[in-house]
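S.K.: Quick one: structure below, then a few questions.
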Amino acid sequence: MRKLALSIAAAAIGIAGIATSAIADHHGGNKEKMPKADKAEVYIISPADGDEIEGPVTVLFGLKGMGVAPAGVEKKNTGHHHLLIDRDTPSKDDMKDALPADDHVVHFGGGQTQTTLELAPGEHTLQLLLADHNHIPHKPAIISDQITITVLGDDDDGEDEGDDDSEDDDDKKDGGLLDRLF
């Protein structure tokens with residue numbers, strides 16, 4: 001039984017490594033010639049600035065010029081994502097220490113490269129910030145442009161024009177390969 005559990009864990013780690021490598025390759029990562037942090041770029045792949053979205057918001061993270069590593073793993077030219085929600089870009093002073101974890105600064109210390117958010121209807125801002133193994137932003141800061149999205153709410157009259165209740169919810173629940181594995 002223990003051998004089976006170890007085999008499954010090893011397979012999951014191998015698949016996660018392949019997926020992480022594919023993501024890094026897709027986004028310009030190169031394990032052998034990793035550029036310095038001052039040439040790295042973090043960005044939001046999706047949603048796009050100005051998007052209007054119904055229901056849960058799936059945010060895909062992009063990174064060029066560095067790799068993703070979980071919090072606590074000290075490896076040169078890597079970091080993990082932090083999603084800033086409905087807050088101003090941190091000042092230089094705010095980026096000298098570990099980032100707080102709260103409703104406006106969400107940590108992805110497991111090395112995640114996407115998330116699905118339940119946001120209230122209305123306008124929201126999103127921004128990515130890459131930090132090191134101790135949650136301290138890199139110097140210089142590797143931070144995305146801030147985007148603004150609008151989450152659409154239900155109509156007040158109770159009628160959902162054109163909505164079909166038989167819609168397949170699987171797309172909304174899909175957390176990506178790494179989320180399904182772990």
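S.K.: Can you give the extra length, in nm with one decimal, that the chain gains between His104 and Thr125 once fully stretched, where that is 0.36 nm per residue apart less the Cα-Cα distance? The partial results should precede the final answer.
M.R.: On the way: separation 21, 0.36 × 21 = 7.56 nm, distance 1.00 nm.
Difference between extended and current length: 6.6 nm.
S.K.: Tally Lys and Arg at +1 and Asp and Glu at -1 over the other residues with C-beta under 11 Å from the C-beta of Pro100: what net charge comes out?
M.R.: Numbers: positive: Arg87; negative: Asp94, Asp97, Asp102, Asp103.
My count for the surroundings of Pro100 gives -3.
S.K.: Another one. If I stretch the segment between Glu118 and Ile53 completely, what's the gain in nm (0.36 nm per residue apart, minus their alpha carbon distance), one decimal?
M.R.: Values: separation 65, 0.36 × 65 = 23.40 nm, distance 1.12 nm.
Extra length from Glu118 to Ile53 when fully extended: 22.3 nm.
S.K.: Which value in Å does the Kirkwood hydrodynamic radius of the stretch 29-146 take, with 1/r averaged over all unlike C-alpha pairs and then inverted?
M.R.: Every distinct Cα pair counted, the radius reaches 14.5 Å.
S.K.: Packing-wise, with mean Cβ within 10 Å as the measure, how do 139-151, 86-98 rank, highest first? Could you put the intermediate results ahead of the total?
M.R.: Numbers: 139-151: 16.8, 86-98: 12.8.
Ranking the peptides 139-151, 86-98 by packing returns 139-151, 86-98.
S.K.: Would you mind checking the stretch 64-98 for residues with the amide N under 12 Å from a putative spin-label position 7 Å along Cα→C-beta of Lys139?
M.R.: Within reach of a label on Lys139, which here means backbone N under 12 Å from a point 7 Å along Cα→Cβ, the stretch 64-98 contributes 93, 95-97.
S.K.: Over the alpha-carbon set of the stretch 60-125, work out the extent along each principal axis and list the three values in angstrom, largest first.
M.R.: That gives 39, 28, 20 Å along the principal axes, largest extent first.
All of the numbers you see were taken from the coordinates with simple rules; none came from a lab. Just so we're clear, the structure is a prediction, and the values are computed from it rather than from any experiment. Please note: Cβ atoms are built from the backbone with ideal geometry, for glycine as well, and neighbour counts cover all protein chains shown.
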